[in-house]
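Asks: The structure's right below; bear with me while I get my questions together.
The values are calculated or read from the model by the stated rules, or taken from the named source; none is laboratory data. Only a predicted model underlies this, so the values are computations on that prediction, with no experimental measurement involved. Counting neighbours? That spans all protein chains shown, and the Cβs are built from the backbone with ideal geometry, glycine included. Note: areas computed on protein heavy atoms with side chains; ligands, DNA, RNA excluded. Shrake-Rupley method; radii C 1.70, N 1.55, O 1.52, S 1.80 Å.
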Amino acid sequence: GPPLGGWITDHWSWRWVFFINIPIGIVSLMLTSRLLSDPPEFTREVEAARREGKLKIDGWGIFSVAVAFACLEVVLDRGQTEDWFESKFIVLFFAISMLALLFAVLWEWRHPDPVVEIRLLGDRNFALASIFYFLFGFTLYGSTVLIPQMLQRLYGYTATDAGLVLGPGAFVIVMLAPLVVRILPKLGVKTLLGFGYLVFALAMWYFASFTLATDYRHEALARVLQGLGIATLFVPVSQLAYSNLPKNKNNKASSLTNLFRNQGGSFGIAFVTTLLARRSQYHQSVLVVHATPLDERYRQFLATLTNYFFNHGFSHADAAVHAQAMAFTLLERQATFLAFQDCFTALGWFVLMGVPLVFLIKKFKPAPPSGGH
């Protein structure tokens, strides 16, 4: 996916990337209709409810949930651009989101057949799985936004080259997924989840250790390390989510886990976007303090640049102007690079929170992994 998306972006336009969903969606629809079916218990329950006239759509639940998370998505997407709660636009949408969410919780809690069954969070394992999904989505989406930005802004990569850095991580996930299914009964959910979140955190800190001289091999290796952590999370978290739930609750459980994962992604993207901008400003303000004529090293550096431009045909006045411009460009680049390091470090600490949570998991007998992805 990432290399193909990069190639499409470089050769056509980033807008064409979204059209890849059309053929894949058609194939997915065909395979789903031919290979998948609802459990017999669910089918009988729906048919009985239809005969008795009890099959009703939770319209208010759907409406309130849609409004709540649509407005929240606007807040997260536009927050940094609009300076968050300094903007009346953001405050308005946040207020609507919270009011709709409060109404949705109260309505769904009392509804006999809610579209979002909040009571499922009363099960400890399911609640923990939802937190794990949020942590996973937060860090995965946040890092996936950061890595291509860093490679293209600071290392001069094309979109295709950035995609090639991301590709090996996906390859590791595909290769290890069958192995994880085999070793899960032997090692257990706790061990694999703890290992996965620890490796995920180490991968983020590996990215934070980069320098501006880091090459493709180390960048791809960091993504491979991240893929190793991700590969050990998919199946164990899925098993944990459905460990104590009756089969007729699987569909509603799946909608909740997907909600937590997607919201984690939205919060993660908003977090890294905001942190990157704020930390870039901070580091630039710190570095600028030293970029003054009073600083001996800065004067020497500026003199070296001025001589370089003067020796390449510029007048002395123009050489001095170009030297100052280049010095500021280098300063800005260093500030941005330090901000990226801060973001990866923060993501590492955030995803590490998944490690101690594994000790809260209630023991259960592993079963064949259910859906939900």
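Asks: H290 versus (1) open to solvent by 70 Å² or more (accessible area, probe 1.4 Å); (2) assigned to a helix (DSSP H, G or I): which is the lone unmet condition?
Replies: Just one mismatch for H290, condition (2).
Table: residues versus (1) surrounded by 14 or more Cβ atoms within 10 Å (Cβ to Cβ); (2) closer than 30 Å to L179 by Cβ; (3) not basic (K, R).
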residue: A231; (1), (2), (3): yes, yes, yes
residue: F260; (1), (2), (3): yes, yes, yes
residue: Q281; (1), (2), (3): no, no, yes
residue: R297; (1), (2), (3): no, no, no
residue: F310; (1), (2), (3): yes, no, yes
residue: A317; (1), (2), (3): no, no, yes
residue: H322; (1), (2), (3): yes, no, yes
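Asks: Which condition from (1) assigned to a helix (DSSP H, G or I); (2) surrounded by fewer than 17 Cβ atoms within 10 Å (Cβ to Cβ) is the one that D113 breaks?
Replies: (1)
Asks: Taking into account only those residues within the stretch 51-65 that are at pLDDT 75 or above and surrounded by fewer than 13 Cβ atoms within 10 Å (Cβ to Cβ), which is farthest from I90 (Cα to Cα)?
Replies: Filtering the stretch 51-65 for residues that are at pLDDT 75 or above and surrounded by fewer than 13 Cβ atoms within 10 Å (Cβ to Cβ), the one farthest from I90 (Cα to Cα) comes out as I57.
Asks: Of the residues P168, P236, which is open to solvent by 30 Å² or more (accessible area, probe 1.4 Å) and either assigned to a helix (DSSP H, G or I) or modelled with pLDDT of 90 or more (or both)?
Replies: Going through P168, P236 in turn, just one is open to solvent by 30 Å² or more (accessible area, probe 1.4 Å) and either assigned to a helix (DSSP H, G or I) or modelled with pLDDT of 90 or more (or both): P168.
Asks: Is it the case that I183 is without any contact (Cβ under 8 Å) to a residue 12 or more places away in the chain, open to solvent by less than 70 Å² (accessible area, probe 1.4 Å) and farther than 22 Å from C343 by Cβ?
Replies: yes
Asks: What is the number of the single condition among (1) assigned to a helix (DSSP H, G or I); (2) touching a helix residue (DSSP H, G or I) at 6+ places or on another chain (Cβ under 6 Å); (3) of a type in the set (S, T, Y) that T191 does not meet?
Replies: (2)
Asks: List, please: which pairs have Cβ atoms under 7 Å, are six or more places apart or on different chains, and start with a residue in the stretch 322-333 that is over 11 Å from V288 (Cα atoms) and free of Cβ contacts under 8 Å to residues at least 60 places away in the same chain and end with one that is assigned to a helix (DSSP H, G or I) and open to solvent by less than 70 Å² (accessible area, probe 1.4 Å)?
Replies: H322/F309; A323/L302; A323/L305; A323/T306; A323/F309; Q324/L302; M326/L305
Asks: May I pose another question? Go through (1) over 30 Å from S13 (Cβ atoms); (2) assigned to a helix (DSSP H, G or I); (3) not aliphatic (A, V, I, L, M) one by one and return the number of the condition R223 breaks.
Replies: Here R223 clears every test but (1).
Asks: Here's another thing I want to ask about it. Within the stretch 245-296, can you find the residues that are among the charged types (D, E, K, R) and under 17 Å from L140 (Cβ atoms)?
Replies: As a first pass, look at the stretch 245-296 and keep what is among the charged types (D, E, K, R): 247, 249, 252, 261, 278-279, 295-296.
Result: R261, single match.
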